[in-house]
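S.K.: The structure's right below; bear with me while I get my questions together.
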Amino acid sequence: MSDTAPNHYVQQWRTTALHEYQSGGFALRNTTTAPEKITGEKMHFPIFGVVEAEEDVKRGDIAKPSNPNDTTVAVDTKKSRAFEEVYEDDLDQMTVNRQQAVAKRSAMALGRVHDKTIVRALRAATKTVGAYASLMSVETLVKGKQALMQDDVEVQDGNVFCAVDSVSWAMLIGDKRIANSDYVGPNLPFVTGNLAKTWNGIHIFSLSDKTLREQDIAAQATCLMWHRSAIGFGYVRQLTGNVVWDNRKDCWTHNMRMRIGSKLLLPEGTVKLQAKYVPADIVLPAA
């Protein structure tokens, strides 16, 4: 027996995994800013300053340069990996469904890690609205958007996102203003499940509770609102993987990996929305 799986199987496994990763595994894929360059294991994200125009310019006045303080932030990348052993004497005997399941669960595992990496970076935000004693409401969304506007963050360019937990989503979707809205944002996996809406210039979606509430205590949820330019995320290379025979265990080892990096670039472009997380307290208006 060869110590490497058949090429057609490995290629199909990689293709399926990449598709699952991009279409649903990595939920926050289209909500971040990409690095402008990658050198070795470092990513470099741009941070653009603000240009101020001169007022009341008179004839003959010498122009004053308003050079903004543009900077670049370097971020060390970290490797994430999904490793699985498939105990099969002959890989060719695996059904297509089983092969796809193996690829999908590894891709989903990597996607969850990458979502958590972004959420952890976003939680470094210093602005907070709402309260853990109250369930999520449209009013809290408005306050979050206003907190962004206070710092002159562009809120009507279609790049403001809001990730909420399942309880908060239930409360928001029970409001007719949200329920009757259509989603008009970038391609996100939540759209097909009708778990995304666009309201008042904000793309609102229900993110996995385990991902979003990783650092929250019982009965509390920290939802997040941000502008795309506020958070950077990227990867050194596309998802890669190998399938190799382990003669000691009589199994095929599936090793899928990516090297990623994420960084909060503009703290003023992110707001934490505190909300109560008690499913039993969900109250929806009468139909």
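S.K.: What relative contact order, as a whole-number percentage, does the range 167-287 give when Cα pairs under 8 Å and 6 or more residues apart are counted?
M.R.: Working: 157 pairs, mean separation 34.6, N = 121.
Normalised by residue count, the contact order of the range 167-287 is 29 percent.
S.K.: Amide H to amide H under 5 Å from residue 220: which residues, 5+ apart in sequence or cross-chain, H placed 1.01 Å off N in plane?
M.R.: 277
S.K.: By how many nm would the segment from residue 63 to residue 242 lengthen if fully extended, with 0.36 nm per residue of separation less the alpha-carbon distance?
M.R.: Numbers: separation 179, 0.36 × 179 = 64.44 nm, distance 5.96 nm.
Extending this stretch completely gives an extra 58.5 nm.
S.K.: Once you place label points 7 Å from the Cα toward the Cβ at residue 71 and residue 98, how far apart are they in nm?
M.R.: 5.5
S.K.: Once you sort the root eigenvalues of the Cα gyration tensor of the range 159-236 as a ≥ b ≥ c, which label holds: rounded (a/c under 1.5), prolate (a/b larger than b/c) or oblate (the other case)?
M.R.: On the way: a/c = 1.75, a/b = 1.06, b/c = 1.65.
Oblate.
S.K.: Nearest 0.05, what FRET efficiency do residue 41 and residue 124 give at R0 = 30 Å with Cβ-Cβ as r?
M.R.: Details: r = 22 Å, r/R0 = 0.73.
Result of the calculation: an efficiency of 0.85.
S.K.: Note down the relative contact order for the range 87-242 as a percent, whole number, built from C-alpha pairs under 8 angstrom at least six residues apart. Present the calculation step by step, with values, prior to reporting the outcome.
M.R.: Details: 154 pairs, mean separation 40.7, N = 156.
After rounding, I find 26 percent.
S.K.: Show me, for the range 21-35, the HN-Hα J-couplings you get by feeding each phi into the Karplus relation (A = 6.51, B = -1.76, C = 1.60, θ = phi - 60°), rounded to Hz, glycine and proline as x.
M.R.: After applying 6.51 cos²θ - 1.76 cosθ + 1.60, I find 4, 6, 8, x, x, 9, 5, 9, 4, 9, 10, 10, 9, 7, x Hz.
S.K.: When a/c reaches 1.5 or more, the comparison of a/b and b/c decides; with that in mind, is the range 60-149 rounded, prolate or oblate per its Cα gyration tensor? List each step's numbers first, then the result.
M.R.: On the way: a/c = 3.76, a/b = 1.83, b/c = 2.06.
Judged from the Cα gyration tensor, the range 60-149 comes out oblate (a/c at least 1.5, b/c at or above a/b).
S.K.: Just from its helices, what would the mean residue ellipticity at 222 nm be for the chain, if runs of 4 or more DSSP H residues each count -39500 (n - 2.57) and the sum is divided by every residue, rounded to the nearest 500 deg cm²/dmol? Could the numbers behind the result be given before it?
M.R.: Working: 6 runs with 70 residues, N = 287.
Using -39500 (n - 2.57) per qualifying helix, the result is -7500 deg cm²/dmol.
S.K.: Let me ask something else about it. State the extension gain, in nm to one decimal, for the chain segment bounded by residue 151 and residue 284, taking 0.36 nm per residue of separation less the distance between their alpha-carbons.
M.R.: On the way: separation 133, 0.36 × 133 = 47.88 nm, distance 3.39 nm.
So the chain would gain 44.5 nm between residue 151 and residue 284.
S.K.: Once you have all Cα-Cα distances for the chain, histogram them in 5 Å bins from zero and send the whole-percent values.
M.R.: With 5 Å bins starting at 0, P(r) equals 1, 5, 11, 13, 14, 13, 11, 10, 8, 6, 4, 2, 1, 1, 0, 0, 0, 0.
S.K.: Which distance in nm do the two modelled labels at residue 191 and residue 134 give, with both placed 7 Å along the Cα-to-Cβ direction?
M.R.: Between residue 191 and residue 134, the label points sit 3.3 nm apart.
Computed from the coordinates by the stated procedures, all read-outs in this text should not be read as laboratory data. Note that the structure is a prediction, hence the values are computed from the model and not measured. When we count neighbours, we look across all protein chains shown, and the Cβ atoms used for this are built from the backbone with ideal geometry, even at glycine.
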